[in-house]
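*Asks:* Before anything else, here's the structure in question.
The values are calculated or read from the model by the stated rules, or taken from the named source; none is laboratory data. Note that the structure is a prediction, hence the values are computed from the model and not measured. All Cβ positions, even for glycine, are placed from backbone atoms using ideal geometry, and neighbour counts span all protein chains on display.
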């Protein structure tokens, strides 16, 4: 079956521009997570969705970062006024429900480069 | 504070040699521990988790609560084991268990022929 998909696979933008990253989770998965993979920081948690609500946004690094999820499915991560330190691979994962007992399935990631 | 530490950035061994990738954690409570693997040009995937007590691709990991460690071991490394390995923890039972993963910095395993 189809796994988690993310688009675009690569995004190059100029400092100060806004970007939107998209995640399509596995159908039927109610939990959705965003992580960031960067050279200096490793893999960091950003935000967790259960359905359309985000009970844990503790990993968002600044108020330039926001995310939403609609219809209990697709999620969009938006970064406003991008900075060079935002350059990273942004990973999305989904699981049946939000619990450590349920395996998370990861997407291929979006590589963001801020010039 | 919740933290996962993988002290080795790179571990290089010869094919057939034993492998141990170290992982230590700090967490107030009883976390669930995982190992994730990312092969070259592939997506991150679950290798094994403590609660399953399973062996995958010859790898095992034992949770040592006294030493707060969850080291990954394999008795005989294969070239196809070359990859990036991440140790991760997630909150155990209770309402705080959202499944969010706290990852270590990762260890690149290089198995030479």
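*Asks:* Any residue in segment A:58-74 that is part of a strand (DSSP E or B), within 13 Å of chain B (Cβ to nearest Cβ) and out of contact with any helix residue (DSSP H, G or I) (no Cβ under 6 Å at 6 or more places or on another chain)?
*Replies:* No, segment A:58-74 has no match at all.
*Asks:* Right, here's the next one. When you go through B:89, B:109, B:72 one by one, which is the residue that is surrounded by 17 or more Cβ atoms within 10 Å (Cβ to Cβ), facing chain A (nearest Cβ under 10 Å) and touching a strand residue (DSSP E or B) at 6+ places or on another chain (Cβ under 8 Å)?
*Replies:* Criteria check complete, one pass: B:89.
*Asks:* Does residue A:56 qualify as being free of Cβ contacts under 8 Å to residues at least 12 places away in the same chain, buried (at least 17 other Cβ atoms within 10 Å of the Cβ) and closer than 28 Å to residue B:85 by Cβ?
*Replies:* So residue A:56 fits the description; yes.
*Asks:* Evaluate the following for residue A:35: is it at pLDDT 95 or above, under 17 Å from residue B:38 (Cα atoms) and either within 14 Å of another protein chain (Cβ to nearest Cβ) or surrounded by fewer than 17 Cβ atoms within 10 Å (Cβ to Cβ) (or both)?
*Replies:* Answer is yes for this residue.
*Asks:* Counting just the residues of segment A:81-107 that are without any contact (Cβ under 8 Å) to a residue 60 or more places away in the chain and surrounded by fewer than 21 Cβ atoms within 10 Å (Cβ to Cβ), which one comes out nearest to the other protein chains (Cβ to nearest Cβ)?
*Replies:* A:103
*Asks:* Only residues that are away from chain A (no Cβ under 14 Å) and touching a strand residue (DSSP E or B) at 6+ places or on another chain (Cβ under 8 Å): list them for segment B:33-69, please.
*Replies:* Hits for segment B:33-69 are B:55, B:57, B:58, B:59, B:60, B:61, B:62, B:64, B:67, B:68, B:69.
*Asks:* Which ones in segment A:26-43 are assigned to a strand (DSSP E or B) and under 19 Å from residue A:110 (Cα atoms)?
*Replies:* Once the filter is applied, which keeps residues that are assigned to a strand (DSSP E or B) and under 19 Å from residue A:110 (Cα atoms), segment A:26-43 yields A:32, A:33, A:34, A:35, A:36, A:37, A:38, A:42, A:43.
*Asks:* Within segment A:1-20, can you find the residues that are crowded, with 16+ Cβ neighbours inside 10 Å and within 20 Å of residue B:42 (Cβ to Cβ)?
*Replies:* A:4, A:6 - these are the residues of segment A:1-20 that are crowded, with 16+ Cβ neighbours inside 10 Å and within 20 Å of residue B:42 (Cβ to Cβ).
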